[in-house]
Amino acid sequence: MAHHLIEINEECKECKGTGLYVGMAERDGSAVVCYKCKGTGCHTHTIEYDDFKERKQRKEIERVYQANPGVLIGKGFTPQLGDFDLTVFGGIPYDQWSKLKNPKNFPSGTEMRLFVCPAWWYQTVNYDLKPEWDECHSACGHGFSSCASFKNKDKCWARFDKENKNEI
C-alpha cells in the first residue's frame, strides 16, 4: 500500500493573503496576525492518504445501523425493556452488513422503530422518503417526540411500510 503526501501552497482563505485578520473584535483600522497562516498570507494545505485496496474489517463490531438519529445505542437494562441487547435498536449483524453490495441500503424493518417515528428516521437517513403527513405537523417546532402520534409510532411505521413497499 503506497502512502502519499501532497502539499499545496494556497492563498490563505481567512485573511485573503494579507497575513492580517480582521474579525468582530478588531475595529477602527486594527488587525491581528492571522491565526491560520501565522502572518505569511500563505496557507499550506496538506493531504495525506494511503491507496485504497479494500474495505477493512472491524472485529469488535457486532451490529451496524444505517444511521443514528440521536439515540444512545448500547446494551443494558431499563424498567420498560428489562435486559436488552443491540438488536432492540434495529440494524443488522456486522457479517450481514459486510456482505451487502451497497452498504448504504438496509432492508426495511431495520430502522430504530422502537425509539423513533418514520419522519424522524428518514429525516436522517433519506430525506426523500420522509413522510409529510398532516399529523406529523402537530408538533411543529417542538420535536418529533412531541407529536401527538409519537406514542403510537408503530401505527405510523405500518402506514409508512404500506405506502413505501416498493421504495425501500
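The values are calculated or read from the model by the stated rules, or taken from the named source; none is laboratory data. Because the structure is predicted, anything quoted here is derived from the model rather than measured. Note that we place each Cβ from the backbone using ideal geometry, even for glycine, and neighbour counts take in every protein chain shown.
Conditions tested, residue by residue: (1) without any contact (Cβ under 8 Å) to a residue 12 or more places away in the chain; (2) in a helix (DSSP H, G or I); (3) under 25 Å from A158 (Cα atoms); (4) out of contact with any strand residue (DSSP E or B) (no Cβ under 8 Å at 6 or more places or on another chain).
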| position | (1), (2), (3), (4) |
| --- | --- |
| T40 | no, no, no, yes |
| E60 | yes, no, no, yes |
| V71 | no, no, yes, yes |
| P107 | no, no, yes, no |
| M112 | no, no, yes, yes |
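Scanning region 1-58 for residues that are acidic (D, E) and surrounded by 11 or more Cβ atoms within 10 Å (Cβ to Cβ) yields E10, E11, E14, E26. Annotation note: Cβ proximity below 7 Å between a residue of region 150-168 that is under 12 Å from C117 (Cβ atoms) and a residue that is modelled with pLDDT of 90 or more and outside any loop (DSSP other than H, G, I, E, B) (sequence gap 6+ or interchain) occurs for C156/P118; W157/P118; F160/P118.
When Q66, Q80 are screened for being assigned to a loop (DSSP other than H, G, I, E, B), modelled with pLDDT of 95 or more and over 30 Å from G19 (Cα atoms), only Q66 passes.
Within the set S145, S108, S98, the sole residue that is under 25 Å from K56 (Cα atoms) and either among the small types (G, A, S) or at pLDDT 95 or above (or both) turns out to be S98.
Residues that are among the aromatic types (F, W, Y) and either exposed (fewer than 14 other Cβ atoms within 10 Å of the Cβ) or over 17 Å from the mean Cα position of the chain (by Cα) (or both) within region 63-105 comprise F77, F84, Y94, W97, listed in sequence order.
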